[in-house]
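Notes follow once the structure below has been shown.
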Amino acid sequence: MNPAAVLAGRPPLEDVVADYERMVERMRDAVDAELGPRGWRRLREPTPSSCGQDFPYELGGRSVHLAPWGFDAPIADQDWPRVRAAVAQVAAEYGFAAAGLQIDGPGRHVTGGIDPVLGAGYDFGTGRHTTLQVSTGCHLPAAWKPAGQGT
């Protein structure tokens, strides 16, 4: 794998963030369609970061943990299977497959998925509260220029 070539072949970070923000909105709408309106709120601001060892910092790639969303109530055990399926269906339309931590215990449920092509992931869980978080894979910002190619 040539990390620079992989990054060059991916969509710009800003485009991916916009797509995933739409996905998160659709996921929240899917939960609301199953359960009725929830008091969703943004829990904190998005968090940008570097990409880790697979994509050295010098290559210019960045990732973003989108602003997590949540509401101050659990999803009832009996409702979890259909709500989880509704969220997963939306995620699948954006290239995500079920993966990661899967917990289905009484009063606590966690699921997630990854985009195996772009390296993105999401986590959706409920216990005392319910949260939804999406992280992008590594992408180049639209304005990024390799060293020596101007500003």
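Values quoted throughout were computed directly from the atomic coordinates according to the rules given, and no laboratory measurement underlies them. From a predicted model like this one, the values you see are computed outputs, not experimental measurements. A quick note on method: Cβ atoms are made from the backbone with ideal geometry, for glycine too, and the neighbour counts reach across all protein chains shown.
Assorted remarks:
- Helix 80-93 axis, angle to the chain major axis (alpha carbon atoms, nearest 10°): 30 degrees
- Approximate spin-label separation H129-E93, in nm, with each point projected 7 Å along Cα-to-Cβ: 2.8 nm
- Taking the fewest neighbouring Cβ atoms within 10 Å as the starting point, the ordered list for C51, C138 is C51, C138.
- Annotation: the residues F71, F124, sorted from fewest to most other C-beta atoms within 10 Å of their own C-beta, follow the order F71, F124.
- The stretch between T47 and W144 holds 33.1 nm of extra length on full extension. This uses 0.36 nm per residue minus the Cα-Cα distance.
- Reported label for calculated mean projected area of the Cα convex hull in nm² given (i) 9.3; (ii) 10.0; (iii) 8.3: (i)
- When you restrict to C-alpha pairs under 8 Å that are six or more residues apart and normalise by the size of the chain, the relative contact order lands at 28 percent.
- Extension gain, D79 back to D104 (0.36 nm per residue minus Cα-Cα distance, nm): 7.8 nm
- Whole-Å distance, taken between Cα centres, linking the range 1-78 and the range 103-138: 10 Å
- Mean residue ellipticity, 222 nm, helices only, the chain: the sum of -39500 (n - 2.57) across DSSP H runs of n ≥ 4, divided by residue count and rounded to 500, is -9000 deg cm²/dmol.
- With Cα atoms, 0 to 90° folded angle of helix 13-35 axis to the chain main axis: 10 degrees
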